[in-house]
Amino acid sequence: MKKILFVTALLILFVAHQSFALVGLRFGANANITQPTATLAFDQLSSGDLSETFNPTGFGVTAFGMADLVLLTVTADVGYLDFGKQSYSFAVDLAGNTETVTANTHVTAIPILAGLRWEFGLPVGPKFHFGFQAGLHNFTFTYEGTAVDQKLIDEEETSSKFSVSPIIGLRWSSVDASLLYMVVEDFNYVGLRVGYTFGLGM
C-alpha cells in the first residue's frame, strides 16, 4: 500500500512538473488603442463631490514577454498609454463673484502587469487565447487653464491604481492581437492591442 502511495505521489509530481515545464520564451511589442469610460474628480472646485466623465480615444505602446508552459502561458507587460486630452469649464465662487474657469486635462499612464493566458487551436493556423492580467497603472494627470492659473487645482497629480482585466484574442504566426477591458477603480477602459512576437517556442 505504501509503495502504491509512493509511486502515485511520484507520478503526480512528474505530471505536474511536465504540465508546467517551460517550453519556450517569446518577446514583442504592441500598439494600443484605448477608449476610457472614466470619471475624474474635481472636488477642489466645489463644496461637494464634483466629477466629470473622461472619454477621449487614446493610444500607446507595450513591451511584453511570455513564458510558454505546457498548459498555459505566463505574461508580463510594461507600457506607456496616452489617454488624450479633454477640456472642462466650471462656475466657481471667487471673492464673492461667480466666474467660469477652465481645466484642460491630459492623462497618461505606465501600466505594469502580469498574468496568465491559455491558447487553443489547430497546429496550423490561428491560435485563440483567453486569460487575465493584473498589476498597477501609474497615472499622471496634467492640468492647464484658468483653474490652474487661479491655483484652484494643481498643475500635476500622480497616483498608482490596482488594475485587473480579462483578455481574449488570437495569435497567427508572429502577429498577436488582444481585446481587453481594464478595471482601474474609476478609470476603466476598453483596449485593443496588436503587435509582433519573436523568440523561442513559436
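Selection within region 44-95: residues that are in a loop (DSSP other than H, G, I, E, B), among the hydroxyl-bearing types (S, T, Y) and modelled with pLDDT under 90. The member of this set that is farthest from the chain's Cα centre (by Cα) is S47. One residue alone among E155, E119, E144 is among the charged types (D, E, K, R), farther than 27 Å from L192 by Cα, touching a residue at least 40 places away in the same chain (Cβ under 8 Å) and touching a strand residue (DSSP E or B) at 6+ places or on another chain (Cβ under 7 Å), and that residue is E144. The listed residues are D82, D93, and the only one of them that is of a type in the set (D, E, K, R), within 26 Å of V164 (Cβ to Cβ) and either free of Cβ contacts under 8 Å to residues at least 24 places away in the same chain or crowded, with 16+ Cβ neighbours inside 10 Å (or both) turns out to be D82.
Annotation: G121 fulfils all but one of (1) at pLDDT below 95; (2) on the phi < 0 side of the Ramachandran plot; the unmet one is (2). For region 37-77, the candidate set comprises residues that are β-branched (V, I, T) and surrounded by fewer than 14 Cβ atoms within 10 Å (Cβ to Cβ); within that set, the residue that is farthest from D93 (Cα to Cα) is V70.
The values are calculated or read from the model by the stated rules, or taken from the named source; none is laboratory data. Quantities reported herein were computed from a predicted structural model and do not represent experimental measurements. Here the Cβ is made from the backbone with ideal geometry for all residues, glycine too, and neighbour counts use every protein chain on show.
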